[in-house]
Each structure stands twice: as C-alpha cells, then as structure tokens.
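One structure is given below, encoded as structure tokens.
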Amino acid sequence: MKKQLLALTLLTGLSNNVMADAIGTYFGADVWQSGVDGTMSYKGDDLATGGYEDTYNYRMYVKVEHPIPLIPNAALSFSNVDVEGSSANENVNLKTVDFTLYYEFLDNDIVSLDAGVTWRQLNGTFEDGSTDVSFSGPLPMGYAYGEVGLPMFPLKAFAMVNAIGITGDVYGDAEIGLAFMLNPGYVLDWSIRAGYRIQQLDFKVDDVKADATIDGVFVGLEGHF
C-alpha cells in the first residue's frame, strides 16, 4: 500500500511539473514608428496620400499555449496606426484586432516554429480635408511565427507573418527582429524586443481601394510565465 501511495505521489508530482512547463502565457506591447507611402481611392477617385510624416503607434498582444493535443493555441492582438499628413486635415487611421489559432510544429532550445490562421477585423478612416471616408471588414489570413536562438544564450531572432492573397487582393503584415531576455529561467521572465515591421495594403474594402505600404522600426517589452 505504501509503495502504491509513493508511486501515485511521484506520478502526480511529475504530471504537475510537465503541465507547469508546457502551459505558458505571453503578453507584451510594442511602439512602432511608422509612416504611409502609396495611394488610396474612393469610388474610383484618387485620394491624396503624399507628405505623411512618421508617427509613433502601438500594438498589444497576448498568447496562451497549452499541451492538449489537437486543440490549437490562441493569440489576441490589437494594433493602431494613426498617421498625420502635411496639413492638419490629413489623417489615415487603421485599427486591427487579430484572433489567431495556431499549432507548434517545432519547439526546442534552438528552433521554434508556429503556423495557423488569423481572423483580422480591420477598421479604417481617411481624411484629406475634403473627403472623410471610413471602411471596415474581416480578413482571414495565414499565420506563421518562428524563433532561432542558442541554448543558454539570452538573445534570439524572431519573425512573424500574417498574409492573405485572394483574387488579386493582397494584405501582408510581417516583422523581423531580435529579442534579449532580461531574466531567463524565472517564473515571470521579461524580454526586450526590437525590429522592423511592414504592412503591404493592396486590396478593396467597401468602396476604398488601397495600394500602400506602412513600415518602420519598433521596440517593445514582452513577459512570459
């Protein structure tokens, strides 16, 4: 009886440790210095998109990963881009909310690779002094994320892509950068992230046709427990 209780205790402790190591939550925020370059049209009429200055925008996100087979991991992200033109009346604003379901195909100390799908809700406005246009719509997108690092070394490289291409419309959102882990191995560890992000807009939503690029460098902080 004592041996059975001891075996059960060891098995329970091992199971708890495995679950604790396998379940993880990531959360963070980035500041993105971004600008707009390209053209937009409304009902076939071109809208002015020149002379826009780089502005500081932001993104916040959270990811939850678990060890349950077949059930995907989940991520939620909110991003805001608000770019001012050369005059006070010119403005482009894009808000996106992403809900992502993904699987981990590789997960070790050297390489990590995730892939899945993202459902992006896009809401945008455009003003140029004479025109005030708003548009919105859902965008299903493919998702991929990868990391490369070295064991026991606090620096890693990462890249992420959300993209869709259907019937000539293209929406791409990609980033690449480096993350430096401040306190690896702690229950709550922190990383400083920095890199380059680009969005390629070549699509039509409602009566707005966009062919523009939003890009720039970003820096952020990420927590993991």
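The values are calculated or read from the model by the stated rules, or taken from the named source; none is laboratory data. Keep in mind it's a predicted model, so treat the numbers as computed, not measured. What goes into the accessible areas is simple: the full protein's heavy atoms, side chains included, and nothing from ligands, DNA or RNA. Shrake-Rupley method; radii C 1.70, N 1.55, O 1.52, S 1.80 Å.
Here the Karplus curve 6.51 cos²θ - 1.76 cosθ + 1.60, taken at θ = phi - 60°, turns the phi angles of the stretch 139-154 into couplings of 9, x, 9, x, 10, 8, 9, x, 9, 9, x, 10, x, 6, 10, x Hz, with x standing for Gly and Pro. Every Cα-Cα pair of the stretch 78-192 was included, and the share exceeding 20 Å stands at 58 percent. Ignoring ligands, DNA and RNA, please state the percent of accessible area on the stretch 35-193 from carbon and sulfur, probe 1.4 Å. That fraction is 65 percent.
May I ask for the distance between the Cα centers of the stretch 172-212 and the stretch 50-115, given as a whole number of Å? So the two Cα centres are separated by 6 Å.
Within the assembled protein chains, the solvent-accessible surface assigned to Ser77 is about 30 Å², based on a 1.4 Å probe.
Give me the percent of Cα-Cα pairs in the stretch 173-225 that sit more than 12 Å apart, rounded to a whole number.
Details: 954 of 1378 pairs.
The answer is 69 percent, as a whole percent.
Dividing the radius of gyration of the alpha carbons in the stretch 105-149 by their Kirkwood radius gives 1.34 for Rg/Rh.
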